[in-house]
Amino acid sequence: MKTNRRRFIKQTSLTAAGIGMFSAFPAIAYSRGFAPSDQINVALVGCRNMGFGVLKHHLENPEVNCVAMCDIDEGVLNEKAKEVRTTFNQKPKLYKDFRKMLEQKDIDAVIIGTPDHWHCLMTVYALQAGKNVYVEKPMANTIAECDIMVNAANYYKKTVQVGQQQRSSFIFNKAMDLIKSGEIGALRKINMWANFEYGIGPEIVPDGPVPAGVDYDMWLGPAQKRPFNQNRFHGSWRHFWDYGGGLVSDWGVHLLDMGLWAKDIKSAPEKSLVYAANTYPEKRARETFDTMAVSFPHQDVVITYDVTAGLQRGPWDMLYGIAFIGNNATIVTDRSKLTVYPEWDNSAKKFRAEEYIFDKGQESHGEHVRNFLDCIKSGEKPACPPEVGRAAAMHVHAANIAGRVGEPLLLWDEGSKKFTNSQTANALIKPEYRSPWTLPNY
Ligand SMILES: NC(=O)c1ccc[n+]([C@@H]2O[C@H](COP(=O)([O-])OP(=O)(O)OC[C@H]3O[C@@H](n4cnc5c(N)ncnc54)[C@H](O)[C@@H]3O)[C@@H](O)[C@H]2O)c1
């Protein structure tokens, strides 16, 4: 392969100014009665893993206080609250019921780090209580819940940031600049893939007693009642339809979001062509798919998404990633590296684009949180507002639904918000909430 290494760029650290170069964030107007130095009081619900990580990123900002924390698992709640006290010198009030927490008047923003089946209810309740919301991805576990959240966020006019933090990363902002400036020519295909070991689920274990200090009924919430099984609980709930969408949605919303951003697509896929199966030889605790090949033909580009759970290698020797394929060059990215592979023009005897490599990328939760805080103060739209979260979630939900109902092609109509060729698929648009929980009406 021919190569010209005119531009091999390695940056050692990402600065706010560096990100600003790629126009990710608007200038801050502070138009909501907030001054730049004003304090923001945050509360966390769902403290074990990602939620706590996001809380810590909030507390890295000098104007943030943690005034409340909530979890249905007493052990998790006490351990994480202790860390907040010792590391950040903060003394949050502790709750097991998020509805009680939302009555606390001094909370400005709520971070939702619970499993996906709770995202819609908690977001709506928080908005009703007048709070801003940082809700983890995928935005919701069903199509109907995504729409409710978009409508509720518009109705209450609060800042809602969905935790698709790649929107705030240097690497992906750089990729978008290269694509949108025409550097790689007409974008023809966007191929993405995710192959992770954890996607096959844990080893099967029998049902058991509810662990001490856990309010299991409150963990289930609107999901159907079932005996306790550790495989359906902390961390591994994501392999069961009642609470999550498997590896396909866990990574899919992050990756598909980048494909949609590249073409400024803000709607659900009109067509989803789907192969979905469970083919991993060993039986594991999982309902969701371990093997999937999905194609979303959009107007002038095709987006493909490939999942092979249990494997640790993939295209371009990357276990997950995206290839943006243009006429002049292909950009290959993950969260740590972006490479531009230019095409050779045989008649002009030169490359059609400049080679570019950036290999010092890092996680961008901190930048995404900073953007959330700035938008609370300014009233500007955050980097990942609900309609952006919805578009990405709609792609993975359509793919998962196609697999579940055995339809290789699903057609969606944004006007009626229904699939036009499958009633069985339409039956999966709305979740059935377990009493006393009811699906909000927005
Ligand atoms: N943005 C990212 O890169 C990223 C990475 C990992 C996970 N996530 C998302 O973060 C969310 C949480 O995932 P996780 O891996 O941290 O899950 P987890 O199971 O480790 O943690 C969830 C926590 O929520 C608590 N919880 C459940 N129901 C509750 C309720 N009703 N009230 C209070 N607390 C409740 C649980 O007890 C647990 O402590 C998911 O939506 C996941 O998709 C995002």
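None of the figures in this text is laboratory data; all of them are computed from the coordinates on show. The shown structure was predicted, so the numbers you read here are calculated from the model rather than taken from an experiment. So basically every Cβ, Gly included, is an ideal-geometry build from the backbone, and we count neighbours across all protein chains shown.
Report the dimensions of the range 312-442 along its three principal axes from the alpha-carbon atoms, largest first, rounded to Å.
Here the Cα extents, ordered largest to smallest, are 66, 45, 34 Å.
On alpha carbon coordinates alone, what is the Rg over Rh value for the chain, Rh being the Kirkwood radius? Before the final figure, lay out the partial values.
Details: Rg = 21.9 Å, Rh = 22.7 Å.
Using Cα coordinates only, the ratio equals 0.97.
Based on the inverse mean of 1/r over its pairs of different Cα atoms, what is the Kirkwood hydrodynamic radius of the range 342-393, in Å?
On the way: mean 1/r = 0.0676 Å⁻¹.
When all Cα pairs of the range 342-393 are included, the Kirkwood radius is 14.8 Å.
What is the pair-distance distribution P(r) of the range 91-210, computed from all Cα-Cα distances in 10 Å bins starting at 0, with each bin given as a whole percent?
Result, from short to long distances: 11, 28, 27, 24, 8, 2 percent.
Between Lys349 and Lys96, how many nm apart are label points set 7 Å from Cα along the C-beta direction?
Inter-label distance under the simple model: 7.9 nm.
For the range 69-158, what does the equivalent ellipsoid look like in terms of its semi-axes, each the square root of 5 times an eigenvalue of the Cα gyration tensor, given largest first in whole Å? Write down the numbers at each step before the final one.
On the way: eigenvalues 124, 44, 22 Å².
Largest first, the range 69-158 gives 25, 15, 10 Å.
If I model a spin label as a point 7 Å beyond the Cα along the Cα-Cβ vector, how far apart are those points for Asn151 and Thr438 in nm?
1.4
Determine the principal axes of the Cα atoms in the range 207-356, then give the extent along each, sorted from largest to smallest and rounded to whole angstroms.
71, 31, 29
Counting other beta carbons within 10 Å of each residue's own, what order do His365, His58, His119 fall into, fewest first?
The most exposed by this proxy come first: His365, His58, His119.
Mind ordering 202-215, 260-273 by average Cβ neighbours within 10 Å, highest first?
On the way: 202-215: 11.9, 260-273: 18.9.
Taking the mean over residues of other Cβ atoms within 10 Å, the ranking is 260-273, 202-215.
State, to one decimal in nm, how far the label point of Val302 lies from the label point of Gln39, with both points 7 Å from Cα in the Cβ direction.
In this crude spin-label approximation the distance works out to 5.7 nm.
By count of other Cβ within 10 Å, fewest leading, how are Asp116, Asp306, Asp317 ordered?
Working: Asp116 25, Asp306 17, Asp317 7.
Least crowded to most crowded, the residues run Asp317, Asp306, Asp116.
With Kirkwood's inverse mean 1/r over C-alpha pairs for Rh, give me the Rg to Rh ratio of the range 162-277, two decimals please.
On the way: Rg = 19.0 Å, Rh = 17.4 Å.
Reported Rg/Rh, Kirkwood definition of Rh: 1.09.
Hey, what did the range 164-296 get for relative contact order, percent, Cα under 8 Å, at least 6 apart?
Details: 144 pairs, mean separation 38.2, N = 133.
Relative contact order of the range 164-296: 29 percent.
On a C-alpha basis, how far is the centre of the range 193-223 from the centre of the range 124-170 in Å? Whole number, if you could?
Between the Cα centres of the range 193-223 and the range 124-170 lies a distance of 24 Å.
Contact order normalised by length for the chain, with contacts defined as Cα pairs under 8 Å and 6 or more residues apart; what percent is it?
Taking the mean separation of contacting Cα pairs over the length of the chain, I get 22 percent.
Counting only the backbone N, which residues of the range 202-245 are under 11 Å from the spot 7 Å out from the Cα of Asn49 toward its beta-carbon?
Once the point is set 7 Å along Cα→Cβ of Asn49, 202, 233-239 turn out to lie under 11 Å by backbone N, inside the range 202-245.
What are the lysines whose alpha-carbon lies under 26 Å from the alpha-carbon of Lys360, with same-chain residues fewer than 8 places away excluded?
Qualifying lysines at Cα under 26 Å: Lys2, Lys10, Lys56, Lys137, Lys174, Lys180, Lys189, Lys263, Lys337.
Which length gain, in nm to one decimal place, applies between Lys225 and Lys283 when the Cα-Cα distance is subtracted from 0.36 nm times their residue separation? Walk me through the numbers on the way to the answer.
Details: separation 58, 0.36 × 58 = 20.88 nm, distance 2.40 nm.
My answer for the length gained is 18.5 nm.
Rounded to a whole number of µm²/s, how large is the Stokes-Einstein D of the range 244-295 at 37 °C and 0.692 mPa s, given Rh as the Kirkwood radius over C-alpha pairs?
Details: Rh = 12.6 Å.
Translational diffusion coefficient: 260 µm²/s.
Among Glu363, Glu407, rank each residue by its count of other Cβ atoms within 10 Å, from fewest to most, as a rough exposure measure. The partial results should precede the final answer.
Details: Glu363 14, Glu407 19.
Fewest-to-most Cβ neighbours within 10 Å comes out as Glu363, Glu407.
What's the FRET efficiency of Asn89 with Ser336 using the Cβ-Cβ distance as r and R₀ = 30 Å, to the nearest 0.05? Could you put the intermediate results ahead of the total?
Working: r = 33 Å, r/R0 = 1.09.
The calculated FRET efficiency here is 0.35.
Rounded to the nearest 0.05, what FRET efficiency do Lys417 and Ala212 have when you use their Cβ-Cβ distance and R0 = 56 Å?
0.80
Which number do you get for Rg(Cα) / (2.2 N^0.38 Å) in the range 104-150?
Values: Rg = 10.3 Å, N = 47, 2.2 N^0.38 = 9.5 Å.
Compactness ratio reported: 1.08.
What is the antiparallel percent of DSSP beta bridges lying wholly in the chain, to the nearest 5?
Values: 39 of 66 bridges.
Counting DSSP beta bridges with both partners in the chain, the antiparallel share is about 60 percent.
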